[in-house]
1. When a/c is below 1.5 the answer is rounded, else prolate if a/b is larger than b/c, else oblate, so apply that to region 160-240 with a ≥ b ≥ c taken from the square roots of the Cα gyration tensor eigenvalues.
2. Out of all DSSP beta bridges in the chain, what portion is antiparallel? Express it as a percent rounded to 5.
3. When you take every Cα atom in the chain, what is the radius of gyration, and what is Dmax, the widest Cα pair distance, in Å?
4. Beyond 15 Å, what share of the Cα-Cα pairs of region 208-291 remains, rounded to the nearest whole percent?
5. Of Ile279, Ile22, Ile124, which has the largest mean-square fluctuation in a 10 Å C-alpha GNM of the chain?
6. At q = 0.08, 0.14, 0.20 Å⁻¹, what log₁₀ I(q)/I(0) does region 102-286 have when each alpha carbon counts as one equal point scatterer in the Debye sum?
7. Relative to the first principal axis of the alpha-carbon coordinates of the chain, what is the inclination of helix 132-142, with its axis defined by its Cα atoms, in degrees from 0 to 90 and to the nearest 10?
8. Tell me, in nm to one decimal, what length is gained between Met43 and Asp144 on full extension, where the rule is 0.36 nm per residue of separation less the Cα-Cα distance?
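The values are calculated or read from the model by the stated rules, or taken from the named source; none is laboratory data. Not measured: the values here are computed from a predicted model. Positions of Cβ are backbone-derived with ideal geometry, glycine not excepted, and every protein chain shown enters the neighbour counts. For accessibility, only protein heavy atoms count, side chains too; no ligands or nucleic acids. Shrake-Rupley method; radii C 1.70, N 1.55, O 1.52, S 1.80 Å.
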Amino acid sequence: MYDWIGQLTSNEEKMARIEKVISLFPNWMISMTCSVVAFIVYMALSKGFLRRMKLNLVELLGGMPERSLKLLIKHYVENIVFTLCEILFRSQTLPTHSTANFNVLGENALEDASKQANGKGFIIFTPHVGNFFYYYWYLSQKYDCLTVASAGSPELKPLYSKFAALGCKGLDYDSVPQLEMYRTLKKHVRSGGIVFLLGDFWRPNFPLSRLFGKLTRTPEGAAMLALELQVPVVPFYGYRLQGFKHQLQFGTPIYLHEQFDGTGRKERSAANLTLNSFIEQVVREQPAAWFYWFNTHERWENGSDEVEGSLVGNHAFATAEVG
């Protein structure tokens, strides 16, 4: 997947020319072209890739008819193609078309969270679904937002650069020391800002946790900030409705500090499992929108249930990050 993205982002001059050409065409024509490209990409996928995708889907979602699996993968590929087109070639249109692009539900949850934060900010927690770049841009236009990005990858860096140019603030996980990063996020929330964290990223040095009932490693930054600062976590996700239109959905704020005392590692792990359950809920509801189906098999630990008691780790903290 990253190699495929890299083929699109490796030549900035070529991307600029494509962006200029695309701007000459109406939305319906660009949308139709993306649909055709998505179909061609799906048909060109190797049997090995398709088999791996199907195994990953069945492993987490349960058995389903072959026809349903194929349709889900087609929609998955279509979302990837549309998302790359939006980020690489249409991000400049966001300021003028955002109202038409986004149907937003539950945004009053942000006001509720702000009132309950006692002068501090709060956390917006989400998985990598839909076009999460667009959703962060939307929030950044209305609120003082900060996120964490993994911009060290040469394939993905042009994507982040696009949104940095649009005023979206982020910390680079690959270049900012972790302690400095956590302190910066904490300071931002204490001063009334919003931290936008994607909690389904995987790194081998993250603390042990569970996702879809499987032993894995997930970031604990959102849980740690919420417990330490006693601020709300607003669950959020977005997905593609059709073409370039998106549904943005904010949920009822979660007050982890009222459920867990946050004084120990086990409390933080338990709080993090609460957030992981939200990720599972979103992925089950909008499976074609989740980015990581192509490599979910790489994140499961080769352990048994006996490892359950070792969900403690030796890490002082772990920050959530974007992509």
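1. rounded
2. Of all bridge pairs located within the chain, approximately 40 percent are antiparallel.
3. 19.5, 59
4. Numbers: 2112 of 3486 pairs.
The share of Cα pairs beyond 15 Å in region 208-291 comes to 61 percent.
5. Ile22
6. Treating every Cα as an identical point scatterer, log10 I(q)/I(0) equals -0.23, -0.76, -1.68.
7. Here the helix axis deviates by roughly 70 degrees.
8. The Met43-Asp144 span can extend by a further 32.1 nm.
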